[in-house]
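Trainee: What follows is a single structure, and I will ask about it in a moment.
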Amino acid sequence: MMSKHCLMVGAGLSGAVIGRMLAEAGHRITIVDARAHVGGNCHTERDAETGVMVHIYGPHIFHTDDAEVWDYVNKFETFLPYKNRVKTTSQGAVYSLPVNLHTINQYFGQTLRPDEARVFLESKADTSITDPQTFEDQALRFVGPELYEAFFKGYTIKQWGCQPTDLPASILKRLPVRFNYDDNYFYHKFQGMPENGYTAMIEAILDHPGITVQLETTVSRDQAAQYDHVFYSGPIDGWFGYELGRLGYRTLDFERFDYQGDYQGCAVMNYGDVDVPYTRITEHKHFSPWESHEGSVLYREFSRACGPEDIPYYPIRMVAEKTLLQEYVDRAEAEANVTFVGRLGTYRYLDMDVTIREALDCGRRFLAAQAAGEKMPAFTVNPL
């Protein structure tokens, strides 16, 4: 198999994992990123004043049931135990999320057992909704009006910038209700945080003689054509110069503030009331519970529509966006020697473990295609 010179556009998880696999197979890899650091939105760095490990673009908590992915990340960085226990301030009180038996008993002033809580919540639900179509339908059918108003409605309006009646029911289906006292936000078998941050992990993945990294660098389509193959993890519409229009995203604004001591006693505090302008406050020293810091670094998060100069976070994927996405997918599939990967390249919300899984699969697909003399497809996962 002849060695290829491959370009990775983006030094986040997708580019790093694919690049490492191909470099280990003997290919020459160039990775470019417009930012001044590797890691994409997973980038972490130590705050100079407090020593706190800060998640610069918002918190990233690693959780997976994929044993291979868990073993992969632990090859490059030590992951220490971390459980994501989210709290929410709503209507003047603090509750645990996801909604669990404690939340239900606290909110309604009850002492229900699990079987009693199931019956009780079903009595609150709107059973006339047999086929929920919208977020609001699903919430009313699932938890009833009181819990919907307290924990879901206001937060959703702030997060998505529209009414819950305009969002599909599928968004809420990802939010569990538990009839026990388990307040761990995730169910996954493997959960943790990298001891030295995600950037250290990604730097270790990129530490290979076959990989060259160029930061604060952009590459045009014409320049990319000089490489044998391109793996593009930037916005799919950006590859085409937004010729057909821009896909919709939500972006985040972060308002940092410091505190001497412990500000909120937890890593994540949501704010469910719509009259509180931010969606949550994150206190970053709590993401590294094995460390001890007197000072604290916090961010208030504000969600809004993503403009041309903003960092895209959450793909909207409503009907209009999916229609436009189909047009860009058709164009992408007509491209030669370009594969679109990752959250932006496929216009899908992806957790870190899924991103790594897809990158591993993509790298293997490329190596298999090279060995068989076959063409590498534009997508290894259908974005639609």
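Trainee: Here are Arg300, Arg280, Arg343: which of them is assigned by TED's automatic domain parsing to the domain that holds Asp237 and either charged (D, E, K, R) or within 19 Å of Ile157 (Cα to Cα) (or both)?
Mentor: When all the criteria are applied, what remains is Arg343.
Trainee: If you go through segment 327-337 one residue at a time, do you hit one that is in a helix (DSSP H, G or I) and either of a type in the set (Ser, Thr, Tyr) or closer than 19 Å to Ile157 by Cβ (or both)?
Mentor: Yes; the residues of segment 327-337 include at least one that is in a helix (DSSP H, G or I) and either of a type in the set (Ser, Thr, Tyr) or closer than 19 Å to Ile157 by Cβ (or both).
Trainee: Give all pairs with beta carbons closer than 7 Å in which a residue from segment 29-58 that is without any contact (Cβ under 8 Å) to a residue 24 or more places away in the chain meets a residue that is in a strand (DSSP E or B); count only pairs at least 6 apart in sequence or on separate chains.
Mentor: Sorted first by the residue in segment 29-58, then by its partner, the pairs are Ile56/Thr44; Ile56/Glu45.
Trainee: When segment 303-360 is examined, which residues are found to be within 25 Å of Tyr198 (Cα to Cα), polar (S, T, N, Q) and over 13 Å from the mean Cα position of the chain (by Cα)?
Mentor: Ser303, Thr339, Thr346
Trainee: Looking at segment 246-294, which of its residues are crowded, with 16+ Cβ neighbours inside 10 Å and of a type in the set (Ser, Thr, Tyr)?
Mentor: Tyr249, Thr251, Tyr263, Tyr271, Tyr278, Thr279, Thr282, Ser288
Okay, residues lined up against (1) touching a residue at least 60 places away in the same chain (Cβ under 8 Å); (2) not small (Gly, Ala, Ser):
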| site | (1), (2) |
| --- | --- |
| Glu291 | yes, yes |
| Arg300 | no, yes |
| Asp330 | no, yes |
| Glu333 | no, yes |
| Glu358 | yes, yes |
| Gly363 | yes, no |
| Ala372 | no, no |
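Trainee: If you scan segment 46-68, which residues turn out to be hydrophobic (A, V, I, L, M, F, W, C), surrounded by 15 or more Cβ atoms within 10 Å (Cβ to Cβ) and touching a Phe, Trp or Tyr at 6+ places or on another chain (Cβ under 8 Å)?
Mentor: Met53, Ile61, Phe62
Trainee: Right, here's the next one. Quick one: which of Gly210, Gly238, Gly197 is surrounded by fewer than 19 Cβ atoms within 10 Å (Cβ to Cβ), small (Gly, Ala, Ser) and within 22 Å of Gly58 (Cβ to Cβ)?
Mentor: Gly238
Residue-wise test of (1) over 26 Å from Glu301 (Cα atoms); (2) not small (Gly, Ala, Ser).
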{"position": "Ser123", "(1), (2)": "yes, no"}
{"position": "Asp126", "(1), (2)": "yes, yes"}
{"position": "Thr134", "(1), (2)": "no, yes"}
{"position": "Tyr155", "(1), (2)": "no, yes"}
{"position": "Lys158", "(1), (2)": "no, yes"}
{"position": "Gly161", "(1), (2)": "no, no"}
{"position": "Pro164", "(1), (2)": "no, yes"}
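Trainee: Let me confirm something: among His286, His293, which residue is part of a helix (DSSP H, G or I) and not hydroxyl-bearing (Ser, Thr, Tyr)?
Mentor: Exactly one residue qualifies, and that residue is His286.
Trainee: Same structure, new question: Can you tell me which residue among Gly26, Gly58, Gly15 is over 25 Å from Lys285 (Cα atoms), assigned to a loop (DSSP other than H, G, I, E, B) and at pLDDT 95 or above?
Mentor: Every option except Gly26 fails the conditions.
The values are calculated or read from the model by the stated rules, or taken from the named source; none is laboratory data. All values reported here derive from a predicted model rather than from experimental measurement. Here Cβ is always computed from backbone atoms with ideal geometry, including for glycine, and neighbour counts include all displayed protein chains.
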